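First the structure, in the form of structure tokens, and then the observations on it.
What follows is calculated from the coordinates using simple rules that are stated; it is not laboratory data. Keep in mind the model is a prediction, meaning the values are calculated, not measured. So basically every Cβ, Gly included, is an ideal-geometry build from the backbone, and we count neighbours across all protein chains shown.
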Amino acid sequence: MNLKRLLLAINFVTLLPLAVWPLVSPQGFYDNFPGGGFHWIDINGPYNEHFLRDFGALNAALCVVIGFALWKQADSLVQAAGFAIAVYALPHSIYHLQHLDVYESSEKIIAVAPLVIQIFMGLAIGLLPSPSS
């Protein structure tokens, strides 16, 4: 498996629950994300079903694009999926980096590191040459 395909697959697997969970149970997502005793949505403001369903739908749409890129492996589609991941992750990361005060000290890095890493994964997918190049 080439690096770009691996990075696409990692993003697909990590974004899929962020698509399904808020669409199936927006209140459950709000109350319990990410799980394991952590609560990272409810600390950011009051419950808003519309916002949570939109978030789930956005992640579902991104999963469709990533899934299609994984399936077809067309260079331009893979590149577009990579840049879409980066564009999605950049403002999300900036927001959370500017609002670290809502997290416990022990949660700050684990809450934002995956978001920042996602920016670089998206850029790598979009910018690295294809294995056939």
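Just add up the charged neighbours of residue 29: K/R +1, D/E -1, any other residue whose Cβ is under 11 Å from the Cβ of residue 29. Around residue 29, the charge tally is -2. Build a GNM of the chain with springs between Cα atoms under 10 Å apart, and of 96, 50, 39 the one that fluctuates most is 50. Would you tally the net charge around residue 125, using a Cβ to Cβ cut-off of less than 13 Å, leaving residue 125 out, and scoring K and R as +1, D and E as -1? Cβ neighbours under 13 Å give a net charge of +1. Average 1/r across all pairs of distinct alpha carbons in region 13-55, invert it, and you get the Kirkwood radius: 10.3 Å. Angle check, please: helix 49-72 long axis (alpha carbons) against the longest principal axis of the chain (alpha carbons), in degrees 0 to 90, nearest 10. Taking Cα atoms only, the helix is inclined about 20 degrees.
Count charges around residue 80 for me, please; just the other residues with Cβ under 13 Å from its Cβ, Lys/Arg as +1, Asp/Glu as -1. Here the charged neighbours net out to +1. Relative contact order, whole percent, for the chain stands at 29, derived from Cα pairs under 8 Å and 6 or more residues apart. Comparing 83, 29, 51, which has the greatest mean-square fluctuation in the GNM of the chain with Cα pairs linked when under 10 Å apart? Between 83, 29, 51, it is 51 that shows the largest mean-square fluctuation. Taken along its three principal axes, the alpha carbon spread of region 42-112 comes to 42, 27, 17 Å, from the longest extent down to the shortest.
If you bin all the Cα-Cα distances of the chain at 10 Å, starting from zero, the percentages per bin are 13, 40, 33, 13, 2.
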